[in-house]
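The values are calculated or read from the model by the stated rules, or taken from the named source; none is laboratory data. Fair warning: this is a prediction, and the values are worked out from it, not measured in the lab. Glycine also receives a Cβ, built like all others from the backbone with ideal geometry; neighbour counts cover every protein chain displayed.
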Amino acid sequence: MAKRVNPIRQLLSPSKVFIPIGIGLAIVAYFLIRDYNAQKEALSMIQWSWKSTMWFGVALIMVALRDIGYMIRIRILTDNHLNWRQAFDVIMLWEFASSVTPSIVGGSSVAIFIVNRENIPLGKSTAVVMITAFLDELFYVLMVPVLLLIVGWKELFPVALQKDFFGITLGAREIFIAGYVFILILITLIWLGIFRFPSAAKRLIVAVFNLPYLKKWRRGAVDTGNDLITTSVELKSKPFSFWVKAFVATFLSWTARFWVVNFLILSFTLADLSLLDHFMIYARQLVMWVILLISPTPGGSGVAEVAFSGFLQEFIAPTGLAISIGVIWRIISYYPYLVLGAIILPRWIQRVYLGRKLIKFKSPEDQG
């Protein structure tokens, strides 16, 4: 009988860290070399000042607020079962898993495993991760129309990223529309599965694990379905304030995530940006996020840096700085999770597994 692959063992592979770093560095190096003269000239025009330092510091604060918001939310969703140390480990390992897997795959399956190992029942762990996804997508679904009302539809998509194929224009607009519709469908399915028809969701899960190659895990699927129903009853009994707090934490995390770019541009650019320009930068990042979701590279490595330049270079003066700022953006908002994850993972394994074994094999004398 084949054994299930432990997702943590997969994360321990050194290649999980080196592959995304290698892809990102290779693509970035290509563009840096290709546009070397333009970037050299652009960098020579930068006059670093105390305001530059201030805005760069604010960008770093936004990176921290993003993770603090995630930690607050995971504690809310687990009814504070996780302490701050556990919440920090869970979020860092979740981000690490997302950074070393293709964006289209994501780190949700690993996140369920990690939350479960913090003594959260599997069904509730699954529900917590699903609700996290639901809140993330809900933020996106709500923010897109708000920003469209502010910046309009016409200027949202860079013309340079659109191509004509046999008279049909394909590009960021079409990917964005398809992605937005997909996200609407996804949050609808999550809402139906958790809040409206958990029993039907259980039947669907069990039916999937009745397939020939999955039958060996049918018992676990039944237990997960039962836990999901129990968690659904619990969640539906939560007061309105519970959901308000969870969404506010989500709003804090995602707003801070996008504002990192705004403050980085303020640090380096010589352009005079208006308030509307900042809303446009925010809105274009929402479009970028959908494109990065379908990136085949781990954590969007390479794709993110190129997309940054394509979407935001018109707000950066001189424009030759776009690639450089894109690289700095990734250095402070992506690569730290690769390093932190690689450091935290072995310690987390020791705490979760070895600590549990020590408790299990403690003698009666020691316990007394």
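Every test in (1) closer than 22 Å to Ala304 by Cβ; (2) among the acidic types (Asp, Glu); (3) at pLDDT 85 or above is passed by Glu174 save one, and that test is (3).
Looking at Ser241, Ser253, Ser267, can you tell me which residue is exposed (fewer than 15 other Cβ atoms within 10 Å of the Cβ) and at negative phi? Of the residues listed, the single one that is exposed (fewer than 15 other Cβ atoms within 10 Å of the Cβ) and at negative phi is Ser241. What is the residue count in segment 337-354 for residues that are farther than 15 Å from Val100 by Cβ and β-branched (Val, Ile, Thr)? Residues meeting the conditions: 2.
Within segment 41-52, can one find any residue that is part of a helix (DSSP H, G or I), closer than 22 Å to Ala127 by Cα and either at pLDDT below 90 or hydrophobic (A, V, I, L, M, F, W, C) (or both)? No: segment 41-52 contains no residue that is part of a helix (DSSP H, G or I), closer than 22 Å to Ala127 by Cα and either at pLDDT below 90 or hydrophobic (A, V, I, L, M, F, W, C) (or both).
Ile27 meets each of the listed conditions (1) at pLDDT below 90; (2) loosely packed, with under 15 Cβ neighbours inside 10 Å apart from (2). What do you reckon, is Lys202 over 24 Å from Ala256 (Cβ atoms), among the basic types (Lys, Arg), at pLDDT below 90 and in contact with a helix residue (DSSP H, G or I) (Cβ under 7 Å, 6 or more places away or on another chain)? Here the answer is yes, as Lys202 does meet what is asked.
The sole residue among Met143, Met130 that is modelled with pLDDT of 90 or more and either of a type outside the set (D, E, K, R) or within 25 Å of Ile177 (Cα to Cα) (or both) is Met143.
Filter segment 207-225 for residues that are part of a helix (DSSP H, G or I), surrounded by 15 or more Cβ atoms within 10 Å (Cβ to Cβ) and of a type outside the set (D, E, K, R); which is modelled with the lowest pLDDT?
Of everything passing the filter in segment 207-225, Thr224 is modelled with the lowest pLDDT.
Considering segment 303-327, and only residues there that are surrounded by fewer than 24 Cβ atoms within 10 Å (Cβ to Cβ) and in a loop (DSSP other than H, G, I, E, B), the residue that is modelled with the highest pLDDT turns out to be Ala317.
Pairs are defined by a Cβ separation below 7 Å, a sequence spacing of at least 6 or placement on different chains, a first member in segment 53-72 that is farther than 17 Å from Val128 by Cα, and a second member that is among the small types (Gly, Ala, Ser) and assigned to a helix (DSSP H, G or I); the pairs so defined are Trp55/Ser267; Phe56/Ser267; Ala59/Ser267; Met62/Ala256; Val63/Ser333; Leu65/Ala256; Arg66/Ser253; Arg66/Ala256. Considering only residues that are modelled with pLDDT of 90 or more and charged (D, E, K, R), look in segment 237-270 and name the one that is farthest from Gly326 (Cα to Cα). My answer is Lys245. Being basic (Lys, Arg), farther than 30 Å from Trp48 by Cβ, without any contact (Cβ under 8 Å) to a residue 60 or more places away in the chain and assigned to a helix (DSSP H, G or I) is the requirement here; does Lys245 meet it? Taking the combined requirement at face value, the residue does not satisfy it.
Being farther than 25 Å from Val141 by Cα and touching a helix residue (DSSP H, G or I) at 6+ places or on another chain (Cβ under 9 Å) narrows it down to one residue among Ile190, Ile194, Ile265; which is it?
Details: Ile190 fails: farther than 25 Å from Val141 by Cα; Ile194 fails: farther than 25 Å from Val141 by Cα.
None of the others qualify; the one that does is Ile265.
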